[in-house]
């Protein structure tokens, strides 16, 4: 099993550009989440999903869209990138509520 | 509302010292889960432990131990005889079971541990 994979590992965008951060898991997990990590602020939840077709907002959803068309994939879309979205993004998945949440390796995003 | 507080932003110790990382949480859920993750300089998040709210037994895993006390809403992490390889940022996190909170972790701000030789 590859676990949780994320692509790309690093990306530079200009203000106003759009892009999609990819996340996939091969563990048949129901729950998937996106977090951003900023210095001194820990990880903050952007969006999460409790199953295919079901998504909801986390703590910092503005500027991001998600969809969950399959159990395996949970892409995060930035429609119009802003410098405030410069961050490290982590995707995570979890099988059941009682289980551990596993994280992907992260995507480092720089918006100029 | 749920909240996790790690009051220690940075800790520096000399190798072989014992060190305790503090974690205080807030939640109204009766069923919840607490986690510790390690983030080494390479950046990945490594799972260390999960504890549910009904299990207050302390746990020991090698040089690592965890002290869960519901009475003080704390879930502290102790590293015994610290080593340079323990240098990392450590995160405490909370997940509740009510209101369809699956997939949602609330993280503390993290504690950066530096172990000097």
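Every number here is computed from the coordinates shown, using simple stated rules; none is lab data. Quick caveat: nothing in here was measured; it's all calculated off a predicted structure. A quick note on method: Cβ atoms are made from the backbone with ideal geometry, for glycine too, and the neighbour counts reach across all protein chains shown.
Quick rundown of the values:
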{"read-out": "Estimated distance in nm for a label pair at residue A:9 and residue B:52, the labels positioned 7 Å out from Cα along Cα-to-Cβ", "value": "3.8 nm"}
{"read-out": "Considering only chain A, percent of DSSP beta bridges that pair antiparallel, nearest 5", "value": "90 percent"}
{"read-out": "Semi-axis lengths (Å, descending) of the ellipsoid that matches the C-alpha gyration tensor of the protein assembly as shown", "value": "29, 21, 15"}
{"read-out": "Interatomic Cα distance distribution for chain A, bins of 5 angstrom, percent", "value": "2, 13, 24, 27, 19, 10, 4, 1, 0"}
{"read-out": "Two-site label geometry, residue B:12 and residue A:17: point separation in nm, points 7 Å out along Cα→Cβ", "value": "3.9 nm"}
{"read-out": "Mean Cα-pair separation over length for chain B, i.e. relative contact order, pairs under 8 Å, 6 or more apart, %", "value": "38 percent"}
{"read-out": "Residues residue B:59 and residue A:99, FRET efficiency given R0 of 25 Å [Cβ-Cβ distance, rounded to 0.05]", "value": "0.90"}
{"read-out": "Sites residue A:86 and residue B:72, calculated FRET efficiency, Cβ-Cβ separation with R0 45 Å, nearest 0.05", "value": "0.75"}
{"read-out": "Two-site label geometry, residue B:80 and residue A:27: point separation in nm, points 7 Å out along Cα→Cβ", "value": "2.9 nm"}
